[in-house]
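Engineer: Please see the structure below; I have some questions.
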Amino acid sequence: MSPLLSIERLSVAIGGVTLLDDISLSLDRGQILGLVGESGSGKSLTALTVTGLLPLIGGRIASGRILFDGTDLASLGPAGLRKLRGGRIGFVMQNPMTALDPVQRIGEQIDVVSRLHLGLSGEAARARTLDLMGQLRIPEAAAVAEAYPHQLSGGMKQRIVIAMALAGEPDLIVADEPTTALDVTVQAQIIQILTGLVRERGLALLLITHDMGVVAQACDRVAVLYAGRVAEERAVDPLFERPAHPYAAALIGCIPREGMAEGSLKGIAGSVPPATQFPPGCRFHPRCPHAVDICRTERPLLRETPDGGLVACHLAERIAG
Ligand SMILES: Nc1ncnc2c1ncn2[C@@H]1O[C@H](COP(=O)(O)OP(=O)(O)OP(=O)(O)O)[C@@H](O)[C@H]1O
Ligand code: SF4
Ligand SMILES: [Mg+2]
């Protein structure tokens, strides 16, 4: 069976600058794919592209395509994309406050999704809203439904945004940093709720985070982005045990193996450069402790790893041992 979501050789540009470069990812039903990378690596841009929101920020797909359940998103017009988003694709945006209307009651904001996407009547929509709020372990749901966003805590607001994403009965949830800025206990609860939904309902979840702990806890597979490219894509266990890309290894903070200088991967100095300043060759080379001449001139192509993953590094075999 073909994957639910298939991103094929996708490049995205804004104002003539290519920000995502030849990205390929896929996600099956019942699976959680983590998307990780430092700030500026292209995680949110990937989420906006998958949810059809790219035009809103002046972006366009320069090449490649996104297939959702076999349909090319490019073949859907703005109305088709709106129907898909909120319907079969639920989106939890990076900042919950931007997703909530400050002057509308919480319950109404959730109701509208099932009214619009499932065609429910006002009463049925409210019943569904309260049911969802209960599933998300929101206490006193009826009272919370009457509240305004500013009356709720950060963790509660995030649950509301997740309820909105679920209200249209999606097959795929795209969650962009759903737990950032929440305290550790609430963070764990939200992740547990999301993973529970995937396991119980067979949803697919694209989980964007910069927190490798969340990835280890929740994900089946993980794609590591660096400067708009996929550095490594693997199942979680082999990635954590034996990362093949120096950037993935550094993110995991793994202990260097035989043949590597002691401590060489424990920290990565610097940050992701802006897209107008991406270096030639491997974009990670200015920060990579293993860089050799070829890294400065030739782009490392994605190659398969023996365990069915992908890695883009000239020295991957040597580094993974
Ligand atoms: N609207 C925009 N116009 C121009 N460039 C943008 C726009 N949005 C993002 N970018 C650029 O695209 C690149 C990727 O940004 P993106 O927001 O996807 O990063 P991210 O991985 O989500 O980072 P963070 O962890 O900070 O959320 C960055 O270089 C960013 O400056
Ligand atoms: S290709 Fe070279 S610079 Fe890039 S990650 Fe691999 S070793 Fe480092
Ligand atoms: Mg982001």
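Engineer: Please give the helix 122-135 orientation as an angle from the longest Cα principal axis of the chain, in degrees from 0 to 90, rounded to the nearest 10.
Structural biologist: Approximately 50 degrees, to the nearest ten.
Engineer: So what is the 222 nm mean residue ellipticity for the chain from helices alone, if each DSSP H run of at least 4 adds -39500 (n - 2.57) and you divide by all residues, rounding to the nearest 500 deg cm²/dmol?
Structural biologist: Calculated at 222 nm, the ellipticity per residue is -9500 deg cm²/dmol.
Engineer: Trypsin sites (Lys or Arg not before Pro) within the range 183-230: which are DSSP loop residues with at most 16 other Cβ atoms inside 10 Å?
Structural biologist: Passing both the DSSP loop test and the Cβ count: no residue.
Engineer: Roughly speaking, what is the centre-to-centre gap between the range 144-217 and the range 11-77 when only Cα atoms are used, to the nearest Å?
Structural biologist: 21 Å
Engineer: Next question. I'd like the GluC sites (Glu not before Pro) in the range 66-146 restricted to DSSP loop residues with at most 10 other Cβ atoms within 10 Å, sorted by number.
Structural biologist: Listed in order of number, the matching sites are Glu140.
Engineer: From the backbone phi of the range 87-102, what are the Karplus-calculated ³J(HN,Hα) couplings (6.51 cos²θ - 1.76 cosθ + 1.60, θ = phi - 60°) in whole Hz, Gly and Pro given as x?
Structural biologist: Listing the rounded values in order: x, 6, 10, x, 10, 9, 6, 4, 10, x, 5, 6, 8, 9, 7, x Hz.
Engineer: Right, something else. Using the Cα centre as the reference, give the magnitude of the dipole from point charges on the C-beta atoms of the chain (Lys, Arg: +1; Asp, Glu: -1; all else neutral), rounded to the nearest 20 debye.
Structural biologist: Roughly 460 debye for the chain.
Engineer: What angle, in degrees between 0 and 90 and rounded to the nearest 10, separates the Cα long axis of helix 154-166 from the longest principal axis of the Cα atoms of the chain?
Structural biologist: It works out to around 80 degrees.
Engineer: Taking 8 Å as the Cα distance limit and 6 or more residues as the minimum spacing, I'd like the relative contact order of the range 5-219 as a percentage.
Structural biologist: Averaging sequence separation for qualifying contacts and normalising by length gives 28 percent for the range 5-219.
Engineer: Under the Kirkwood approximation applied to all pairs of distinct alpha-carbon atoms, what is the hydrodynamic radius of the range 123-225 in Å?
Structural biologist: The answer is 14.4 Å.
Engineer: Still on this model: Please arrange Ile173, Ile23 by counting, for each residue, the other beta carbons lying within 10 Å of its beta carbon, fewest first.
Structural biologist: On the way: Ile173 22, Ile23 25.
Taking fewest neighbouring Cβ atoms as first place, the list is Ile173, Ile23.
Engineer: Step through the residues of the range 230-242 one at a time and calculate ³J(HN,Hα) from phi using the Karplus curve (6.51 cos²θ - 1.76 cosθ + 1.60, θ = phi - 60°), rounding each to whole Hz and writing x for Gly and Pro.
Structural biologist: Each residue of the range 230-242 in turn: 7, 8, 7, 9, 8, 5, 4, 4, x, 5, 6, 6, 8 Hz.
Engineer: How large is Rg/Rh for the chain, to two decimals, with Cα atoms and a Kirkwood Rh?
Structural biologist: My calculation of the ratio gives 0.99.
Engineer: Still on this structure, please answer the following. With a Förster radius of 30 Å, plug the Cβ-Cβ distance of Val103 and Gln192 into 1/(1 + (r/R0)^6) and report the FRET value to the nearest 0.05.
Structural biologist: It comes out at approximately 0.40.
Engineer: Along the charge dipole of the chain, Cβ charges K/R +1 and D/E -1, which of Ala145, Val214, Gln277 sits furthest on the positive end?
Structural biologist: Gln277
Where a number appears in this text, it was derived from the coordinates with a stated rule and is not lab data. Keep in mind it's a predicted model, so treat the numbers as computed, not measured. Neighbour counts run over all protein chains shown; Cβ positions are idealised from the backbone, glycine included.
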